[in-house]
Every structure is written in structure tokens, then in C-alpha cells.
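What follows is one structure encoded as C-alpha cells, with my remarks underneath.
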Amino acid sequence: MEAILNYIGTNMEMVYFLILAILLGVEVISNVPAILHTPLMSGANAIHGVVVVGAIIVMLQASPDNYLALVVGFLAVIVGTLNVIGGFVVTDRMLEMFKKKPKKS
Amino acid sequence: MISLNILEISYLIASLTFILGLKMLSHPDSARKGNLLAAAGMGIAVLATLVLYQDFDAGKGLNYGLIFLGLVIGTIIGTIMAKKVQMTAMPQMVSFFNGMGGACAALIAIIEFQHHQHAEITGFDGELLVMLLGLLIGSVSFSGSMIAYGKLEGKIKDKVLPMNQAVNMLLLLTVTGLIAYQMFAGSDPVLFYVLLGVALIYGILFVMPIGGADMPVVISLLNSFTGIAAAFGGFLYDNKAMLTGGILVGSAGTILTILMCKAMNRSLTNVLLGAFGGSTATSSKSG
């Protein structure tokens, strides 16, 4: 129990961060019209592609003779980039489609 | 030291663009700009990590080469897939890319676990917990998203296994047990990979019984799962951009899931238990 409290104590900054970000996420999208549900989902999907930064860090930390880490990390970078690029391009295409239509209320 | 500060500031800028981008995405007039803003922030975060991350030293040319190659391959395939897809096939495309993000989070957890094996830790191992949870959520999101993708593409038929809910409960108990055991008894490579396997199976069985019309809701839920998995990665590396991006998507995605359910006049439990998902599959598809 004490060890758990210690862990939380040393990471207090991150815990604050966590809680504030959760509340912010709820607040930011609470008034979204139904027509934007799918593009918003797609945009959020692209944003969590930020996990690719973690994949890059893994690769930068791996020692050059650790082939397992290099191969797995390489795969992680590819799929992470797929998530980011695919996510943003798909969202942009969706929103482009919205533009051409006459505006609905 | 200066470069480290610039790196942190880049992550701050990226976090801000994610927040503003998400905000702009929820208004019809600014939605497209919001998407581009978040994309720009993402670009800054990736570039800054590549150039400024402290851990690099001489003799890592191979690592850099592989990173660049990975980025290029991912960019080319991602762009082609996203450009070619039919407008009607957008939801499954989102699901596919979401699964990729989940896979990325799970792969990161696997490598970090290898490193972690060499560390001597006594007492509560918070890092291990973060890793195990990242692996669990990332792989559930991956296999679940792939099933959702397959179902919407018509490659996988709706099929309800006998006792599906009971089996899911059992799997959920198993993963909880696997994580709890390792928290008490220390990390174990065999159990780690058992956890990976059970998580993948759980993801499949979780999405399998859910009807086609409810799929967007499930994709949105898996989307927020991946966000949480990304945030665990951020916790692991003390990386603020990953943490904000992940948590924002995690919480916004959860709210969005509930909003989508409301728009369809369904409750989330209803969708997840697949109570009448199959039967309404044809009638309620209005989008």
C-alpha cells in the first residue's frame, strides 16, 4: 500500500495532468452536432496516432545489436504512421464532402 | 539541455493543437481547419522527437534508417489507402487505422517489457502495471478493430458464439488475474505473452456478436481504448504530447460514444450486449 502511495506521490504531476486532460476532453466535445460524429471520431482516431512518437523513442533507445527490438520497433513505427497519416487524410476527405453539400441545420 | 527544452516546448505546442483541433472539429465551420491544425501539431511532435530526443549517440545509424524507412512506408501506404477508399467505406477505414494505433501501443509495451526484464525492482512496480495495461488495451483495440473492419467490409459474417457473454466474462477475469498475479509475483515473460494472447482473443469475441448497424458506436469505443493505450505509453516515457493526445481521445471518445448511442436511441449496454443489435441491423441504418 505504501509503495503504491509512493508511486503516485512521485508521479503527482502526471496524475494532475491525467485528471485535467480527462475533464478537458469531456468539455471540448460536449456540444457536437450529430452530423459531425463520424468526422470527429475519425479526427480523434488520428490524434491518438501520437503513439507513433513512443515508437520512435523506442527505436532511438534500442541498441543497434538488439534485433528483436529493432524489428518490433520498426513494425510499430509503420503501423503508428499508418494511424496518423491515414487518420488525418480520411478525416480531411470526410470534411471535404461536407463542404460541397448545402448546409443542413 | 537547450535541445531538451525545445523538445518539451514542441510537445506543449503539439498538445495545444490537439486540444484546439478537437474543439474546432466539433463545429461544422471550423472542422476542416481543426483537422489540419492537429495534423500540423502531430508533425511538430514527430519531427522534434526525431531531431531532439536526447538518447541518441553515435552508432545508431541503423536505428535512424529504420525509423525513416518506417515513416516513409507508413506514409505511402496510409495515404494510398485513405485516398482510394470509397466514401461509403469510411467507417471501416477509420476502424482499420484505429487498429493500427492499438497495435503500435501493444508493440511498444512488448519492447519495453524486454527492457524491463533486466531491471531489479522491489515493491510496487508501477512501470510494469502501465506496461501490462498498455499491452492489454492496445491488443484488445487492435483485434477488435480488425473484426469491426472485417464485418463492415462483409468479410466476416455476424456470428454469435454459444455463451459468448459468459466466455467474455471469463476472459476478462483471466486478464485481471494475469495482471494482478504479475503485480504481486513480479514480471513473467510467459504470462506476459499469455496476456497478449488472451487480450487478442477477447478483442475478437468482444466485437463478434455486435450487429452491423451498431458498429460505428463500437469503433468509437475502441477508438477511445486506443487513446488510453497511447496515454499509458506517454506515462511510460513521461511524454506530455502522448499523454494529452491519448487522454483527450480517451475521454472525448468515451463521451462521443455515449452521444452516438443517444443519437441512435440506444443505450451503451444495449449495444455492447448485442441485445437486439442483429435484428435492427437493417432498419436503423440511417447514419
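The values are calculated or read from the model by the stated rules, or taken from the named source; none is laboratory data. These numbers were taken from a predicted model, which means no experiment stands behind them. Counting neighbours? That spans all protein chains shown, and the Cβs are built from the backbone with ideal geometry, glycine included. Side chains are part of the model used for accessible areas, which takes the heavy atoms of the whole protein and leaves out ligands, DNA and RNA. Shrake-Rupley method; radii C 1.70, N 1.55, O 1.52, S 1.80 Å.
List the helices (runs of 4 or more DSSP H) that sit entirely inside the stretch A:1-70 and contain at least 3 residues that are more than 7 Å from chain B (Cβ to nearest Cβ). Steps first, please.
On the way: elements: A:2-10, A:12-28, A:37-47, A:51-61.
By residue number, A:2-10, A:12-28.
If residue B:180 satisfies every condition in (1) modelled with pLDDT under 85; (2) surrounded by fewer than 16 Cβ atoms within 10 Å (Cβ to Cβ); (3) among the hydrophobic types (A, V, I, L, M, F, W, C) but one, which is the exception?
Condition not satisfied by residue B:180: (1).
Which condition number in (1) of a type in the set (Val, Ile, Thr); (2) at pLDDT below 80; (3) crowded, with 24+ Cβ neighbours inside 10 Å is the one that residue B:244 fails?
Only one criterion is unmet by residue B:244, namely (2).
Can you name the residue in the stretch B:213-265 that is part of a loop (DSSP other than H, G, I, E, B) and either of a type outside the set (A, V, I, L, M) or under 26 Å from residue B:48 (Cα atoms) (or both) and is also farthest from the other protein chains (Cβ to nearest Cβ) among such residues? Even if it seems obvious, please write down each step before you answer.
Just the residues of the stretch B:213-265 that are part of a loop (DSSP other than H, G, I, E, B), to begin with: B:238-239, B:264-265.
Now narrow it down to the ones that are either of a type outside the set (A, V, I, L, M) or under 26 Å from residue B:48 (Cα atoms) (or both): B:238-239, B:265.
Numbers: B:238: 7, B:239: 6, B:265: 12 Å.
Taking the candidates together, the pick is B:265.
Given the residues A:89, A:84, which is the only one that is more than 23 Å from residue B:108 (Cβ to Cβ), open to solvent by 10 Å² or more (accessible area, probe 1.4 Å), at pLDDT 90 or above and at the interface with another protein chain (Cβ under 7 Å from one of its Cβ atoms)? Even if it seems obvious, please write down each step before you answer.
Numbers: A:84 fails: more than 23 Å from residue B:108 (Cβ to Cβ).
It is A:89.
So residue B:77 clears everything in (1) open to solvent by less than 60 Å² (accessible area, probe 1.4 Å); (2) at the interface with another protein chain (Cβ under 7 Å from one of its Cβ atoms) except one condition, right? Which one?
The number of the failed condition is (1).
Would you be able to say whether some residue in the stretch B:56-77 is farther than 26 Å from residue B:237 by Cα and in a helix (DSSP H, G or I)?
Quick first cut of the stretch B:56-77, residues farther than 26 Å from residue B:237 by Cα only: B:76-77.
With in a helix (DSSP H, G or I) added as a condition, the list becomes B:76-77.
Yes - at least one qualifying residue is present in the stretch B:56-77.
Please verify whether residue B:42 is under 19 Å from residue A:25 (Cα atoms) and either at the interface with chain A (Cβ under 9 Å from one of its Cβ atoms) or touching a strand residue (DSSP E or B) at 6+ places or on another chain (Cβ under 6 Å) (or both), treating the condition exactly as stated. Break it down into steps so the answer makes sense when it comes.
Numbers: under 19 Å from residue A:25 (Cα atoms): yes; either at the interface with chain A (Cβ under 9 Å from one of its Cβ atoms) or touching a strand residue (DSSP E or B) at 6+ places or on another chain (Cβ under 6 Å) (or both): yes.
Yes: the conditions hold for residue B:42.
Among the residues in the stretch B:94-112, are any part of a helix (DSSP H, G or I), more than 9 Å from chain A (Cβ to nearest Cβ), of a type in the set (D, E, K, R) and in contact (Cβ under 8 Å) with a residue 60 or more places away in the chain?
At the first step, the residues of the stretch B:94-112 found to be part of a helix (DSSP H, G or I) are B:94-112.
Filter once more, so that each one left must be more than 9 Å from chain A (Cβ to nearest Cβ): B:109.
Among the residues that remain, those that are also of a type in the set (D, E, K, R) are: none.
Within the stretch B:94-112, not a single residue is part of a helix (DSSP H, G or I), more than 9 Å from chain A (Cβ to nearest Cβ), of a type in the set (D, E, K, R) and in contact (Cβ under 8 Å) with a residue 60 or more places away in the chain.
Within the stretch B:44-63, is there a residue that is touching a residue at least 60 places away in the same chain (Cβ under 8 Å) and open to solvent by less than 30 Å² (accessible area, probe 1.4 Å)? Break it down into steps so the answer makes sense when it comes.
Taking the stretch B:44-63 and keeping what is touching a residue at least 60 places away in the same chain (Cβ under 8 Å), we get B:45.
Within this subset, residues satisfying the condition of being open to solvent by less than 30 Å² (accessible area, probe 1.4 Å) are B:45.
There is at least one residue in the stretch B:44-63 that is touching a residue at least 60 places away in the same chain (Cβ under 8 Å) and open to solvent by less than 30 Å² (accessible area, probe 1.4 Å).
Against the condition touching a residue at least 40 places away in the same chain (Cβ under 8 Å) and over 14 Å from the mean Cα position of the chain (by Cα), how does residue B:269 come out, does it pass? Before you say what the answer is, go through the steps one by one.
Numbers: touching a residue at least 40 places away in the same chain (Cβ under 8 Å): no; over 14 Å from the mean Cα position of the chain (by Cα): yes.
When the stated conditions are applied, residue B:269 does not pass them.
Residues in the stretch B:131-152: is at least one part of a helix (DSSP H, G or I) and surrounded by fewer than 16 Cβ atoms within 10 Å (Cβ to Cβ)? Can you show your working first?
Taking the stretch B:131-152 as the starting set, the residues that turn out to be part of a helix (DSSP H, G or I) are B:131-152.
Filter once more, keeping what is surrounded by fewer than 16 Cβ atoms within 10 Å (Cβ to Cβ): none.
No, because not a single residue in the stretch B:131-152 is part of a helix (DSSP H, G or I) and surrounded by fewer than 16 Cβ atoms within 10 Å (Cβ to Cβ).
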